[in-house]
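**Q** Pasting in a structure now, in structure tokens, and then I'll have a few things to ask.
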Amino acid sequence: MLVKDLDISEAAKKILVELGYKSLYPPQDEAVKAGVLNNANLVLAIPTASGKTLVAELCMVKSVINGGKAIYLVPLRALASEKFEEFKKWEDLGIRVGLSTGDFDSSGSGLGKYDILVCTNEKADSLLRHHADWISKITVIIADEIHLINSTDRGPTLEVVLARLRQVNPSAQIIALSATISNAFQLAEWLEAELVLSDWRPVILKEGILHNGVINYADGSSQSVPLIDPELSICLAVDTIKNRGQALIFDSTRRNAVSIARRVSSILSSYLNNVEKKTLKLVARETLRSGEVTQISKQLASCIEAGVAFHHAGLNYSQRKLVEENFKNNLIKVVCATPTLAAGVNLPARRVIIRNYRRYDSNFGYRLIPVLEYKQMAGRAGRPKYDTEGESVLIAKNAGEENVLMERYIKGAPEIIESKLASESFLRTQILATIASDYANNRQGIMAFMEKTFYAHQFGSDFIEMILEGVLNFLFSEGMIEPQKNILVATPFGRRISELYIDPMSAVMIRDGLKVNVEQATDIGYLHLICHTPDMPRLYLGRRDYKELGFFADEHKFELRVIAPNEGDDPSEYEWFLSELKMTYLLERWISEVSEDQIISQFGVGSGDIFRFVETADWLLYATYEIAKLLNIKEEFAYIRRVRTRINYGVKEELLDLVKLAGVGRIRARRLYDAGLKNTRDLASVKIEELSKIPTIGKEIAKKIKKQLSNTTEDNTSLLFSNDRQTSLKDFK
């Protein structure tokens, strides 16, 4: 079908034509014929880069022009940002596009001004709990990456959000976008949707296996690869670059991704021209300015100078963005990444190299990766605007392994996706939310909602009904719900916990910890309290950690608000306690102004990890403050707020007055303090010329600081305690 023949506005067609769209891809054509532009629900299960997003855009734009409103759900913040930028082209039609991924304790009423809202599944869940009034006006719901319903971490939230949106707004059109999966028909049945299932791709995908210097492809063809290095992924990457392509190398661990990138960089620079080398030097410098200088950022900058990069969740947002943008513009030739990249932003390459098809699991040892994960990585092969075909290559050590890989991954079908909803920890959160948000007020109402989930569609609801009784008993015994006449209602405590978007078990732990009488309220006590909750990630324990953390526990035992378990009574519980202490120790190092580089080295994490830990700690400390307010423990208020501010900025208490200034942050605040400018009053009295001479400040930052001071007419310290994490962490870099 030609774009000019689509049943959308002429203005929308004009934008598409100007962007180079002339006709639809076959799967897009199928979707239109299935009635997607006439309000039909649709599950579109097709390979990466086959045009899923455009189908969603056509439906959203048509609906908005006719007075509707659309919400686009994604699993990751990075993907939300990418889609937001992609959809801004429609603003030329007067369509307002918005993005929301943070601040879970907000009614979201201001988001109603947008015609298309891109948000994470968690944010949508929060908006539903707060009864954002504009949700009832939604006419199109897009669920991107719906196959992640299979994910233990993200799946239950996505599933409940879709079920809840259908409950709140049954007339809204639902479009679910997915990679190719074996049971897409079940998703279509659940959503009462048409199914378009296709393996068509705009760029031909050749899947093969490298063994003995030859790639044997599934189509029977083969290709020799010069073995210039013992590391075969490097041979494949260099071969790709020689043929003017780009390569993605996937490995299961960060360490391996970095190691391979460094080895490739030692070879690849000779294939760059002078213009590329000069430009890459500038990108490398920008990489070092994208946050605190660390060993990781130095390694990344060094690789980038040679046209290579690594990409994993340990990098900060700016570093990942630099890698992605410069790979897309063909300046960076090779990216070595962990599989998280395949599930995130769109980053295609001529050749995808899967170096390792096993992953370590702490419970089961090394395990084979799922076929679906392989297919997602392989699906990145082939750049639609540059390549006529793309290649994915697995590496085999022997002929037997080659046969196994061919049958399992290349010829094999992706796994069936299954709901992960029936977990007690998740259900206690959602059942409380159901009652607190007045979506149901008795067992029958709760089960009626659960009957609408994908889990119930797949397996029936008997098991959920078994769990329900225990969850309700827990919520009742912990004072979160109570019976009133013939219905269940949330108590003020229960309602607030649901709004705060934390696990009810976390709330109980925080509440009980606040009631403990300690000799003195300390940072360590509060930090360990939030690290004790199930909402806080745990850190892996190395052999050397046991002794060091044992000393740490003894040193601070009178500050802790949680009773430490006895190692002899329950070794596994004690080990869990030590992992909580390790995260506590990391956060304590952060607020003590220990450099990122030292924290990275000591704890084996990356800058991106530190950001996520700090962000989670910030939110849990905000929740702690709100719970203290509910309990009217006034003596805790000031201390909790102070610890939270220190977590936000990673500073000692003496810098709190300085870091509230935009653009200052932990590094510059320390420079100012050490120069004798200990607070904003000192800054107000110093001249711009003197201020600009302080290391890391400079003239522009000095002007910015002075302007803020001259514009300050009232105490703005309240900004430090905003519940918007994105605002309070803006100076993290």
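**Q** Condition first: hydroxyl-bearing (Ser, Thr, Tyr) and either without any contact (Cβ under 8 Å) to a residue 40 or more places away in the chain or not assigned by TED's automatic domain parsing to the domain that holds Arg355 (or both). Can you find one or more residues in the stretch 240-254 that meet it?
**A** no
**Q** Here are some residues: Arg320, Arg359. Which one is outside any loop (DSSP other than H, G, I, E, B), of a type outside the set (Phe, Trp, Tyr) and out of contact with any Lys or Arg (no Cβ under 8 Å at 6 or more places or on another chain)?
**A** That would be Arg320, the only listed residue that is outside any loop (DSSP other than H, G, I, E, B), of a type outside the set (Phe, Trp, Tyr) and out of contact with any Lys or Arg (no Cβ under 8 Å at 6 or more places or on another chain).
**Q** Follow-up question, since we're still on this one. Please note which helices (runs of 4 or more DSSP H) are completely contained in the stretch 656-717 and include at least 2 residues that are of a type in the set (A, V, I, L, M), over 31 Å from the mean Cα position of the chain (by Cα) and not assigned by TED's automatic domain parsing to the domain that holds Gly291.
**A** 680-685, 688-692, 698-711
**Q** Is it the case, given these coordinates, that Glu580 is touching an Asp or Glu at 6+ places or on another chain (Cβ under 8 Å), closer than 22 Å to Gly650 by Cβ and either touching a residue at least 12 places away in the same chain (Cβ under 8 Å) or exposed (fewer than 14 other Cβ atoms within 10 Å of the Cβ) (or both)?
**A** Numbers: touching an Asp or Glu at 6+ places or on another chain (Cβ under 8 Å): no; closer than 22 Å to Gly650 by Cβ: yes; either touching a residue at least 12 places away in the same chain (Cβ under 8 Å) or exposed (fewer than 14 other Cβ atoms within 10 Å of the Cβ) (or both): yes.
Considered against the rule, which asks whether it is touching an Asp or Glu at 6+ places or on another chain (Cβ under 8 Å), closer than 22 Å to Gly650 by Cβ and either touching a residue at least 12 places away in the same chain (Cβ under 8 Å) or exposed (fewer than 14 other Cβ atoms within 10 Å of the Cβ) (or both), Glu580 comes out as no.
**Q** When residues of the stretch 614-641 are filtered for being farther than 18 Å from Met583 by Cα, among the aliphatic types (A, V, I, L, M) and out of contact with any Leu (no Cβ under 7 Å at 6 or more places or on another chain), how many remain?
**A** Of the residues in the stretch 614-641, 2 are farther than 18 Å from Met583 by Cα, among the aliphatic types (A, V, I, L, M) and out of contact with any Leu (no Cβ under 7 Å at 6 or more places or on another chain).
**Q** Which strands (runs of 3 or more DSSP E) does the stretch 192-232 wholly contain that include 1 or more residues that are more than 18 Å from Lys242 (Cβ to Cβ) and touching a residue at least 40 places away in the same chain (Cβ under 8 Å)?
**A** Working: elements: 194-197, 204-211, 214-217, 222-224.
Hits in the stretch 192-232: 194-197, 204-211, 214-217.
**Q** Checking Tyr574 against (1) touching a residue at least 12 places away in the same chain (Cβ under 8 Å); (2) more than 23 Å from Gly291 (Cβ to Cβ): exactly one of these is not met. Which one?
**A** Against the list (1) touching a residue at least 12 places away in the same chain (Cβ under 8 Å); (2) more than 23 Å from Gly291 (Cβ to Cβ), Tyr574 comes up short only on (1).
**Q** Also: What number of residues within the stretch 341-370 are at pLDDT 90 or above, among the β-branched types (Val, Ile, Thr) and out of contact with any Phe, Trp or Tyr (no Cβ under 6 Å at 6 or more places or on another chain)?
**A** Here the count works out to 2.
**Q** Would you check if Tyr622 is outside the structural domain of Ser106 (by TED's automatic domain parsing), at pLDDT below 95, assigned to a helix (DSSP H, G or I) and not hydrophobic (A, V, I, L, M, F, W, C)?
**A** no
**Q** So which of Leu99, Leu73, Leu111, Leu117 is on the phi < 0 side of the Ramachandran plot and not in a strand (DSSP E or B)? Full working, then the answer.
**A** Numbers: Leu99 fails: not in a strand (DSSP E or B); Leu73 fails: not in a strand (DSSP E or B); Leu117 fails: not in a strand (DSSP E or B).
It is Leu111.
**Q** Scan Ile304, Ile332 and give me the residue that is in contact with a helix residue (DSSP H, G or I) (Cβ under 8 Å, 6 or more places away or on another chain), not charged (D, E, K, R) and not in a helix (DSSP H, G or I).
**A** Values: Ile304 fails: not in a helix (DSSP H, G or I).
Exactly one residue qualifies, and that residue is Ile332.
**Q** So, Phe493, is that one more than 24 Å from Ser107 (Cα to Cα) and either assigned to a helix (DSSP H, G or I) or polar (S, T, N, Q) (or both) or not?
**A** In short, no.
**Q** Quick one: Glu373 ticks every box in (1) in contact (Cβ under 8 Å) with a residue 60 or more places away in the chain; (2) on the phi < 0 side of the Ramachandran plot bar one, so which box is it?
**A** That leaves (1) as the condition not met.
**Q** Follow-up question, since we're still on this one. Of everything in the stretch 425-444, what is of a type outside the set (S, T, N, Q), surrounded by fewer than 16 Cβ atoms within 10 Å (Cβ to Cβ) and touching a helix residue (DSSP H, G or I) at 6+ places or on another chain (Cβ under 8 Å)? Give them in sequence order.
**A** If the condition is that a residue be of a type outside the set (S, T, N, Q), surrounded by fewer than 16 Cβ atoms within 10 Å (Cβ to Cβ) and touching a helix residue (DSSP H, G or I) at 6+ places or on another chain (Cβ under 8 Å), then Arg443 is the only one that fits.
**Q** With respect to the numbered conditions (1) under 30 Å from Val323 (Cβ atoms); (2) within 28 Å of the chain's Cα centre (by Cα), which one is the sole condition not fulfilled by Val203?
**A** (2)
**Q** Continuing with the same structure: Which condition from (1) buried (at least 19 other Cβ atoms within 10 Å of the Cβ); (2) touching a helix residue (DSSP H, G or I) at 6+ places or on another chain (Cβ under 9 Å); (3) not in a helix (DSSP H, G or I) is the one that Asp125 breaks?
**A** Against the list (1) buried (at least 19 other Cβ atoms within 10 Å of the Cβ); (2) touching a helix residue (DSSP H, G or I) at 6+ places or on another chain (Cβ under 9 Å); (3) not in a helix (DSSP H, G or I), Asp125 comes up short only on (3).
**Q** Test Tyr501 against the criterion of being of a type in the set (Ser, Thr, Tyr) and at positive phi, and give yes or no.
**A** Yes; evaluated as a whole, the condition is true for this residue.
**Q** Met505 passes all but one of (1) farther than 23 Å from Thr616 by Cα; (2) touching a Pro at 6+ places or on another chain (Cβ under 6 Å); (3) aliphatic (A, V, I, L, M); which number fails?
**A** Just one mismatch for Met505, condition (1).
**Q** Please go through the stretch 335-355 and give me each residue that is assigned to a loop (DSSP other than H, G, I, E, B) and charged (D, E, K, R), ordered by number.
**A** Taking the stretch 335-355 first, the residues assigned to a loop (DSSP other than H, G, I, E, B) are 338, 342-348, 350, 355.
Hits for the stretch 335-355 are Arg350, Arg355.
**Q** More than 30 Å from Asp503 (Cβ to Cβ) and either among the polar types (S, T, N, Q) or in contact (Cβ under 8 Å) with a residue 60 or more places away in the chain (or both): which single residue out of Val61, Val43 fits that description?
**A** That would be Val43, the only listed residue that is more than 30 Å from Asp503 (Cβ to Cβ) and either among the polar types (S, T, N, Q) or in contact (Cβ under 8 Å) with a residue 60 or more places away in the chain (or both).
**Q** If you take the residues in the stretch 271-321 that are among the polar types (S, T, N, Q) and buried (at least 20 other Cβ atoms within 10 Å of the Cβ), which one is farthest from Phe613 (Cα to Cα)?
**A** Thr287
Rundown of residues vs (1) assigned to a loop (DSSP other than H, G, I, E, B); (2) touching a helix residue (DSSP H, G or I) at 6+ places or on another chain (Cβ under 7 Å); (3) in contact (Cβ under 8 Å) with a residue 24 or more places away in the chain; (4) not assigned by TED's automatic domain parsing to the domain that holds Gly390, yes/no style:
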| position | (1), (2), (3), (4) |
| --- | --- |
| Asp7 | yes, yes, yes, yes |
| Ala11 | no, yes, yes, yes |
| Lys14 | no, no, no, yes |
| Asp29 | no, no, yes, yes |
| Leu37 | no, yes, yes, yes |
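**Q** Quick check on my filter: what residues within the stretch 526-573 are over 26 Å from Tyr622 (Cα atoms) and buried (at least 16 other Cβ atoms within 10 Å of the Cβ)?
**A** Asp545, Leu549, Pro565
**Q** Residues to consider are Leu76, Leu42; find the one that is out of contact with any Leu (no Cβ under 6 Å at 6 or more places or on another chain) and buried (at least 23 other Cβ atoms within 10 Å of the Cβ).
**A** Leu42
**Q** Another question, if that's okay. Can you tell which of Ile209, Ile146 is aliphatic (A, V, I, L, M) and either under 21 Å from Phe454 (Cα atoms) or surrounded by fewer than 18 Cβ atoms within 10 Å (Cβ to Cβ) (or both)?
**A** Ile146
**Q** Then there is this: Determine which single condition Lys83 fails, assuming it passes every other condition in (1) loosely packed, with under 15 Cβ neighbours inside 10 Å; (2) closer than 29 Å to Glu324 by Cα; (3) basic (Lys, Arg).
**A** (1)
**Q** Quickly run through the stretch 283-301 and pick out the residues that are more than 18 Å from Leu341 (Cβ to Cβ) and not in a loop (DSSP other than H, G, I, E, B).
**A** Val283, Ala284, Arg285, Glu286, Leu288, Gln295, Ser297, Lys298, Ala301 - these are the residues of the stretch 283-301 that are more than 18 Å from Leu341 (Cβ to Cβ) and not in a loop (DSSP other than H, G, I, E, B).
The values are calculated or read from the model by the stated rules, or taken from the named source; none is laboratory data. Note that the coordinates shown come from a computational prediction; the quantities given were computed from them, not determined experimentally. Note that each Cβ is placed from the backbone with ideal geometry, even for glycine, and that neighbours are counted across all protein chains shown.
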